[in-house]
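Only the coordinates and a few stated rules stand behind these numbers; no lab work does. Every value quoted in this text rests on a predicted model; they were computed, and no experiment measured them. Quick reminder, even Gly has a Cβ in these numbers, built from the backbone with ideal geometry, and neighbours come from all protein chains shown.
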Amino acid sequence: MKNNSTLIDLDLQGNNISATAIQYLSDMLKENKTLQILNLQSNHISYDGAKYLASALKINTTLQILNLRNNDIENISAEYLANALKTNRTLLILNLQNNRIYDNGAKYIADALKINTTLSTLNLTGNMIGDEGKDHLLNNLFYNTTLKRLYIDEDTNLIELSTFLINIINQMKTSTSIDLSNKSLRDIETRILANELRFNTTLTTLDLSNNEIKCKGVEYLTNALERNKTIKTLNLEGNKISNVSAERIADAIQQASPVFGLNFERNVINDEEIQQLIDSLQNDLTQTTWDLQNKRLNNRATCIITRPLYNNTIVTTLNLANNTIKNKGGRMIAYILSYNNTLLTINLQHNRMKDVVAKRFANVLERNTTVINLELGWNDITNRGARSLAKALRRNR
């Protein structure tokens, strides 16, 4: 194949190819001038094989797509490949999905992306890359202008995330107030923002409400606020923050600034608070209304607290407005309605439920003949969910 002038696509996936065979293949790649696509998915390339391939990639000038998914590539192998990416000028797509690359391996790749000017797609999903590795990748993407798709999980293209964060960081340098509510921010994005916040001297108000920030994100913010002396108002309402994390960031803020607006409403309810709610509801067996609005209920809490409603014959009104119930909790309520014939009014406004919940309620309403008031306003239900409900209501008599 060294002298072959016609083959452009070679598929060798699932063949248990050893490192020795990869060495022969790599020698061919150093001289071949036509091969553009090489699929080595699901082999056993591991350490030595990656080393041979990396040496070939430094020389080869035609290969554009390389699939190394489901091999035993670890950090040291990732380092070899990363070094090759620093000099390779033809590879466009590299698939490293489902290997054993950890944060250190991600760091090697991130350093290469700072230099590489041709790669357009890199798939790293299904590896062991944590926050530190993601942080390295994000930081170095600020210098890369050619990569268009970098996946670390099925739902996250770091390129889109990087562009978004660059815009936000630029705003933070000049603005006094920034609204980042309802942006689906997680701990990884919070870490980048917190790093900028440490040395920021202009921002006074930051709204991070209704995101996906958890305890780790609070840790990043806490460390930043121990240094930052200018921010005065921080809104963390409607995230997934425990009481312990809330207390920690409150302590940090109190030390940093005596005048501070801090909002922790509608964060994660803890087990003790869940039990208190259950006790209060069960102690009064005559209650016809369960008012659970603004109780910081998430999916788990909702499922635990509402479970007794399966066979309850007293409660007629259930108010769960202004929580963070989302799809799983919404499906739980719909499931309860399949058995409960007493509930008349259900308020699920201002949660984060999508079309899948609307469809589940639609299926239930075709059979349920007791509910007369169902409030689903201010959720993420689109035309598709509305159509499902409309069809159900035609049959509901």
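Order 97-103, 351-357 from most to least packed using the mean count of other Cβ atoms within 10 Å. Please report the intermediate quantities before stating the final value.
On the way: 97-103: 19.6, 351-357: 21.4.
Highest-to-lowest ranking by the protection proxy: 351-357, 97-103.
The helix-based estimate of mean residue ellipticity at 222 nm for the chain, built from -39,500 (n - 2.57) per DSSP H run of four or more residues and divided by its residue count, is -13000 deg cm²/dmol to the nearest 500. Couplings 3J(HN,Hα) for segment 297-311, derived from phi with the Karplus relation 6.51 cos²θ - 1.76 cosθ + 1.60 (θ = phi - 60°), are 6, 9, 4, 4, 4, 4, 4, 5, 6, 8, 4, x, 6, 3, 10 Hz, where x marks Gly and Pro.
Report which label in [x] 1.01; [y] 0.97; [z] 1.10 holds the value of Rg/Rh (Cα atoms, Kirkwood Rh) derived from the coordinates of this structure. After the calculation, the listed value that fits is [z]. Seen against the Cα atoms of the chain and their longest principal axis, helix 131-141 is set at about 60 degrees.
Tell me the angle of helix 355-365 to the major Cα principal axis of the chain, expressed in degrees between 0 and 90 and rounded to the nearest ten. Roughly 40 degrees between the two axes. In order along segment 109-122, the phi-based Karplus estimate (6.51 cos²θ - 1.76 cosθ + 1.60, θ = phi - 60°) of 3J(HN,Hα) comes to 5, 4, 4, 5, 5, 5, 10, 4, 10, 10, 4, 10, 9, 9 Hz; Gly and Pro are listed as x.
Taking every C-alpha pair closer than 8 Å and separated by at least 6 residues, the mean separation divided by the residue count of the chain gives a relative contact order of 7 percent. Of all lysines in the structure, those lying under 30 Å Cα to Cα from Lys173, and not within fewer than 8 positions of it along the same chain, are Lys107, Lys114, Lys134, Lys148, Lys183, Lys214, Lys216, Lys229, Lys232, Lys240. Rounded to the nearest Hz, the phi-derived 3J(HN,Hα) couplings of segment 31-40 under the Karplus curve 6.51 cos²θ - 1.76 cosθ + 1.60 (θ = phi - 60°) are 10, 5, 10, 10, 5, 10, 10, 10, 10, 10, where x marks glycine and proline. Relative to the longest principal axis of the Cα atoms of the chain, the long axis of helix 326-337 makes an angle of roughly 40 degrees. Based on C-alpha pairs under 8 angstrom that are at least 6 apart in sequence, segment 1-92 has a relative contact order of 30 percent.
Annotation: amide H-H contacts under 5 Å for Ile17 (H modelled 1.01 Å from N, sequence separation of 5 or more, or interchain): His44.
Express in whole angstrom the spacing between the alpha-carbon centres of segment 199-235 and segment 311-338. Centre-to-centre distance over Cα atoms comes out at 34 Å.
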